There are 2 protein chains.
Amino acid sequence: MAGQELRYEADGLSMNGSLCLPSGGAGKAPGVLVFPEAFGLGAHALHVAERIAGELGYAALACDLWGERRQITNLPEVMPMLQALLGDIPAMQARVTAPLKALAAQDGVDASRIAAIGFCFGGTCSFELAAGGAALKAAIGFHSGLKAPSLAAGGANHIKGKVLAMIGQDDPAIPPDTRTEFIRALSEAGVDWQMTLYGGVVHSFTNPEADAVGMPAVLRYDARADRRSWAQMKELLEEVFDLPR
Amino acid sequence: MAGQELRYEADGLSMNGSLCLPSGGAGKAPGVLVFPEAFGLGAHALHVAERIAGELGYAALACDLWGERRQITNLPEVMPMLQALLGDIPAMQARVTAPLKALAAQDGVDASRIAAIGFCFGGTCSFELAAGGAALKAAIGFHSGLKAPSLAAGGANHIKGKVLAMIGQDDPAIPPDTRTEFIRALSEAGVDWQMTLYGGVVHSFTNPEADAVGMPAVLRYDARADRRSWAQMKELLEEVFDLPR
């Protein structure tokens, strides 16, 4: 089930997302936004969106991050771009709300049942969308950045759905004090949140391509954490979409 | 599917456990030890064992804690009994290894595929069993004590299976520094562990009877955390018992 191009504008960029619709079934399906890792929309997030449609039966939109599906595999190049976004709430909000609007507008999508998931910086995007007050049923992050700029600005009080963060205990990009701050903000706002930690696991544990980078102490695929985090996401989506279990 | 009495001796006490076997199916089923909360073997753990047999298809032994299914609902009475046990590794080991032996000896049980779960002090029992070097596939704790005495004595190095602890973020009985110490010990030993935290949740979140105690800031049933933790346990048991998923 390959996705079809779904174009939308966001923050002045021409975005080219990939929409995957579940096969069969009349009526409207719940929708899931899939925000990719910082490197941009590539094989990993495209595959996740296909699985969400094919295995779980939800409509999934894999979101473009840098416009025209540009991919930036060079870490020194992408870092300042991330930093700029993380310091600019209107720009972040534009990047994350535009695909939500695009997905919600689809005929086959139940706009009242949409969740967002994301990986690495894509997780930050998912939490940013929630903290901006979007009508999300859930915001889920895998080896997820936790410093969504709207969260730091009190946005936890605007979160409408449930939050799940799944983190490798040894992930140097998401150290314990960052987790503690995230937990504090969500707890004070009374958000229904969960956080799962995986022992011996670092960043990018869901992405088999991570190993090619050759930095196993920082980025490393982990088949067990990949499978376990998928199962926990699946469970929460069933819960918030109110499906029989 | 009510359980049948299974008697065994442990630490000089005459224990009266409850064995629940899955219906139908020739061959041997994986087995699960169910250690109750500190108050002793009662309705909650008996019900869990029934569900494990009835819904998941594993043989389950709900373990007696204080002999002859004695229940101690009085916290001031039970606390010194717990403290005495937590300071006595041979006594703890006797209490937890005897039911493992009794379950493994059952005709319908595959002794090579046994896991332990537990609630509150029962979670401590589950981790104590693992840290004593027992051949467990997994040790799982719900609102679980983390200070298993054998862990403090270097027992993390003897753990053979996988570890999962599920904790309410606001549980005053299992504060963050206790979690950090548990994580440190397991990580240093290279154990495959997971820990899930639930926001806004305190102790005894799996036990509907907890609300009758009238201490909601300390003990409180939480239907969402109950269901989510059950799902995560189910997933790990399928993983370690090598079942098709």
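Structure values in brief
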{"read-out": "Criterion: more than 10 Å from every other protein chain (Cβ to nearest Cβ) and open to solvent by 20 Å² or more (accessible area, probe 1.4 Å) - qualifying residue of B:Pro176, B:Pro216", "value": "B:Pro216"}
{"read-out": "Enumeration of residues in segment A:202-227 that are assigned to a loop (DSSP other than H, G, I, E, B) and β-branched (Val, Ile, Thr)", "value": "A:Val202, A:Thr206, A:Val218"}
{"read-out": "Candidates B:Glu188, B:Glu235, filtered to the one that is out of contact with any helix residue (DSSP H, G or I) (no Cβ under 6 Å at 6 or more places or on another chain) and within 11 Å of chain A (Cβ to nearest Cβ)", "value": "B:Glu188"}
{"read-out": "Given (1) touching a Leu at 6+ places or on another chain (Cβ under 8 Å); (2) under 30 Å from A:Ile89 (Cα atoms); (3) modelled with pLDDT of 95 or more; (4) buried (at least 19 other Cβ atoms within 10 Å of the Cβ), number of the condition A:Arg228 does not satisfy", "value": "(2)"}
{"read-out": "Sole exception among (1) out of contact with any His (no Cβ under 6 Å at 6 or more places or on another chain); (2) under 19 Å from A:Val96 (Cα atoms) for A:Gly133, by number", "value": "(1)"}
{"read-out": "Residues satisfying the stated conditions in segment B:85-102, i.e. surrounded by fewer than 17 Cβ atoms within 10 Å (Cβ to Cβ), of a type outside the set (Gly, Ala, Ser) and part of a helix (DSSP H, G or I)", "value": "B:Pro90, B:Lys101"}
{"read-out": "Of the criteria (1) closer than 21 Å to A:Ser144 by Cα; (2) surrounded by fewer than 21 Cβ atoms within 10 Å (Cβ to Cβ), which one A:Ser14 fails", "value": "(1)"}
{"read-out": "Flag if A:Lys147 is of a type outside the set (Asp, Glu), touching a residue at least 24 places away in the same chain (Cβ under 8 Å), within 23 Å of A:Ala49 (Cα to Cα) and open to solvent by 30 Å² or more (accessible area, probe 1.4 Å)", "value": "no"}
{"read-out": "Qualifying position, being open to solvent by less than 20 Å² (accessible area, probe 1.4 Å), of a type in the set (Gly, Ala, Ser) and more than 16 Å from the chain's Cα centre (by Cα), among A:Ala156, A:Ala105", "value": "A:Ala156"}
{"read-out": "Selection count, segment B:46-65, where residues are open to solvent by 20 Å² or more (accessible area, probe 1.4 Å) and either among the β-branched types (Val, Ile, Thr) or within 16 Å of B:Phe119 (Cα to Cα) (or both)", "value": "4"}
{"read-out": "Selection status of A:Glu238, in contact (Cβ under 8 Å) with a residue 40 or more places away in the chain, assigned to a helix (DSSP H, G or I), open to solvent by 10 Å² or more (accessible area, probe 1.4 Å) and on the phi < 0 side of the Ramachandran plot", "value": "no"}
{"read-out": "Residues being closer than 27 Å to A:Ala94 by Cβ and of a type outside the set (A, V, I, L, M) - total across segment A:145-187", "value": "14"}
{"read-out": "Given (1) closer than 26 Å to A:Val213 by Cα; (2) surrounded by 19 or more Cβ atoms within 10 Å (Cβ to Cβ); (3) not polar (S, T, N, Q), index of the condition A:Leu82 fails", "value": "(2)"}
{"read-out": "Test: residue in segment A:164-172 that is within 18 Å of the chain's Cα centre (by Cα), under 20 Å from A:Ala43 (Cα atoms), within 11 Å of chain B (Cβ to nearest Cβ) and open to solvent by less than 50 Å² (accessible area, probe 1.4 Å)", "value": "no"}
{"read-out": "Filter result for the condition that a residue is open to solvent by less than 10 Å² (accessible area, probe 1.4 Å), small (Gly, Ala, Ser) and outside any strand (DSSP E or B), over B:Ala115, B:Ala130, B:Ala134, B:Ala139", "value": "B:Ala130"}
{"read-out": "Any hit, segment A:27-40, residues being part of a helix (DSSP H, G or I), open to solvent by less than 10 Å² (accessible area, probe 1.4 Å) and in contact (Cβ under 8 Å) with a residue 40 or more places away in the chain", "value": "no"}
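Residues checked against (1) part of a helix (DSSP H, G or I); (2) farther than 25 Å from A:Gln232 by Cα:
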{"residue": "B:Leu151", "(1), (2)": "yes, yes"}
{"residue": "B:Asp171", "(1), (2)": "no, no"}
{"residue": "B:Arg179", "(1), (2)": "yes, no"}
{"residue": "B:Arg184", "(1), (2)": "yes, no"}
{"residue": "B:Gly200", "(1), (2)": "no, no"}
{"residue": "B:Ser229", "(1), (2)": "yes, no"}
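The values are calculated or read from the model by the stated rules, or taken from the named source; none is laboratory data. For clarity, every value in this text was computed on a predicted model and none was experimentally measured. When we count neighbours, we look across all protein chains shown, and the Cβ atoms used for this are built from the backbone with ideal geometry, even at glycine. With ligands, DNA and RNA removed, areas are computed over all heavy atoms of the protein, side chains included. Shrake-Rupley method; radii C 1.70, N 1.55, O 1.52, S 1.80 Å.
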